[in-house]
């Protein structure tokens, strides 16, 4: 029995170490900018005792300061959520936000080939109707904080891809017309009501 328990504890510690490679957060000055724009945020949904940006936070693993383990086990509907998930959890995050009718700020890499991209856009170029607003974050290493393990991509060096801060609102029934276009002209070929970015 003791042997089984030791194997489980070792497996848990190994899993925690691997997952902490993916934990990232934006730098305090980037967070303050987004907090002024869309805050106040009430809870940090993907954090640990070292990376949380708000007093209230959820963590994947137990620690004495978190409100809950595994943010997906809770309803997010009553909070203004700060959501900076590992890239492999963005799809699950969007589905959970939709099921909770939640709102919040989602930090997401602009990876068009990622499985989450069709969930976030209507046609690969324009953000979905539940997006109220967005900000293109600077792809500098100072925009992000590196986690406890240095093998992650965020915060170690300047990024060669874009990262978006996306304001999500599944509470409102109205459809937002915010979007962006990757055309070379910098304007949307489909409709002039969309706000566009030059790639």
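Going by the conditions given, is residue 155 at pLDDT below 80 and under 22 Å from residue 37 (Cβ atoms)?
yes
Among the residues in the range 82-104, are any in a helix (DSSP H, G or I), crowded, with 22+ Cβ neighbours inside 10 Å and in contact (Cβ under 8 Å) with a residue 60 or more places away in the chain?
yes
For the range 23-34, give me each residue that is in contact with a helix residue (DSSP H, G or I) (Cβ under 9 Å, 6 or more places away or on another chain), in a helix (DSSP H, G or I) and within 12 Å of residue 107 (Cβ to Cβ).
Selection gives 30 alone.
Would you check which residues across the range 35-73 are over 17 Å from residue 93 (Cβ atoms) and assigned to a helix (DSSP H, G or I) and list them?
Matches in the range 35-73: 35, 36, 37.
Spot the failing condition for residue 73; the list is (1) over 19 Å from residue 109 (Cα atoms); (2) surrounded by fewer than 17 Cβ atoms within 10 Å (Cβ to Cβ); (3) in contact with a helix residue (DSSP H, G or I) (Cβ under 8 Å, 6 or more places away or on another chain); (4) modelled with pLDDT of 90 or more, and only one is missed.
Going through (1) over 19 Å from residue 109 (Cα atoms); (2) surrounded by fewer than 17 Cβ atoms within 10 Å (Cβ to Cβ); (3) in contact with a helix residue (DSSP H, G or I) (Cβ under 8 Å, 6 or more places away or on another chain); (4) modelled with pLDDT of 90 or more one by one, residue 73 breaks only (3).
Is at least one residue of the range 19-32 touching a strand residue (DSSP E or B) at 6+ places or on another chain (Cβ under 6 Å), at pLDDT 50 or above and surrounded by fewer than 20 Cβ atoms within 10 Å (Cβ to Cβ)?
yes
The values are calculated or read from the model by the stated rules, or taken from the named source; none is laboratory data. Just so it is clear, the structure is predicted and the values come from calculations on it, not from any experiment. Cβ: placed from backbone, ideal geometry, glycine included. Neighbour counts: every protein chain shown.
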